[in-house]
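See below for the structure under consideration.
The values are calculated or read from the model by the stated rules, or taken from the named source; none is laboratory data. Remember, predicted model here, so these are calculated numbers, not experimental data. Ideal geometry is used to build each Cβ from the backbone, glycine not excepted, and the neighbour counts take in all protein chains shown. All accessible areas refer to the heavy atoms of the entire protein, side chains included, with ligands and DNA or RNA removed. Shrake-Rupley method; radii C 1.70, N 1.55, O 1.52, S 1.80 Å.
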Amino acid sequence: MIRFKNVQVGYTQVLLEVEDLALDSGRLYALIGRNGSGKSTLLKSVIGQLPLLGGHLDIGKHSIDQLIKDHVQRAREIAYVASMFNGIEALTLYQYVALGRSPYLGALGRLQPADQNKITEVIARLDLTRLASKPTPELSDGERQLGSLARAIVQDTPLMVLDEPASFLDYFNRELLLDQLQSWIQADSRRTAIFSSHDIDLCLEKQIPLLILSNKKLVFLEKASKEKVMELLRQS
């Protein structure tokens, strides 16, 4: 569970507030908001990259303040997918995805057979096997983005946070991404995922619960109509 209590987020000034909201485990949530409304700022606060300006935020049994101080534990609790990954010159796709297992490796940092099996399985599930040995800078934007999702999946955390992960994906891969996120959650009811998106129609089609940024507040909507979503967005 993710619990917000009088949370204020922003850089130097409060951009938005979340008064009292609990997001249950075992669910996928879509964060919807207009450009500049604070979607990325909120997600950076959830992953501990940006300190709260006020209030309390709990990720499972840990406060975000505790996780900020303990980087290893944070890596075991939260996986993050940015809106763009440009690639790392020295790493193949397989090696990049394997970084997701880093929080669990011993002092020597060696992958065990179980780690290798998990990596290979997830790469195959995202139809990336043919690209596994290819350097990440040589992949397309969409292929790198799916690689980022694969890395987050093998990280095996209770929470996954994704900042507009479908920006560089075509329609079929956007479907694949959402299907994989839903499958990831269904495989373990303790998991939760939050992703930001502008694709309101697809989120409604998939019946994904929505978190709407409206008038500097976060509004939870389940089984929402598009008319209601647009009404809230116009208030931003």
* Taking the Cα centre of the range 1-123 as the origin, how large is its charge dipole in debye, to the nearest 20, when only Lys and Arg (+1) and Asp and Glu (-1) carry charge on their Cβ atoms? -> 120
* Structure fact -> If N is the residue count of the range 19-91, its Cα Rg over 2.2 N^0.38 Å rounds to 1.25
* What Kirkwood radius, in Å to one decimal, follows from the Cα pairs of the range 127-236? -> 15.4
* Structure fact -> Semi-axes (Å, rounded, descending) of the ellipsoid equivalent to the chain per its C-alpha gyration tensor are 29, 21, 16
* Structure fact -> Answer check: the range 148-208, Cα atoms, Kirkwood Rh, Rg/Rh ratio of 0.93
* Tally Lys and Arg at +1 and Asp and Glu at -1 over the other residues with C-beta under 15 Å from the C-beta of residue 103: what net charge comes out? -> +2
* Counting Lys +1, Arg +1, Asp -1, Glu -1, what net charge surrounds residue 222 among other residues with beta carbon under 13 Å of its beta carbon? -> +3
* Asked: Given the rule -39500 (n - 2.57) for each run of at least 4 DSSP H residues, summed and divided by the residues of the chain, what is its mean residue ellipticity at 222 nm, to the nearest 500 deg cm²/dmol?
  -> -10500 deg cm²/dmol
* Accessible solvent surface per residue of the chain, calculated while the other protein chains remain in place, 1.4 angstrom probe, Å² -> 49
* **Surface share of carbon and sulfur [accessible, 1.4 angstrom probe, percent] for the chain** => 48
* To do: Give the value in nm², to one decimal: projected area of the alpha carbon convex hull of the range 50-158, averaged over all directions.
  => 8.0
* With the cut-off at 18 Å, report for the range 174-232 the share of all Cα pairs above it, as a whole percent. => 37
* Asked: With respect to the cross-link table entries 44/134; 134/206; 44/69; 61/226; 39/223; 39/206, which display a Cα-Cα separation exceeding 25 Å?
  -> 44/134; 134/206; 61/226
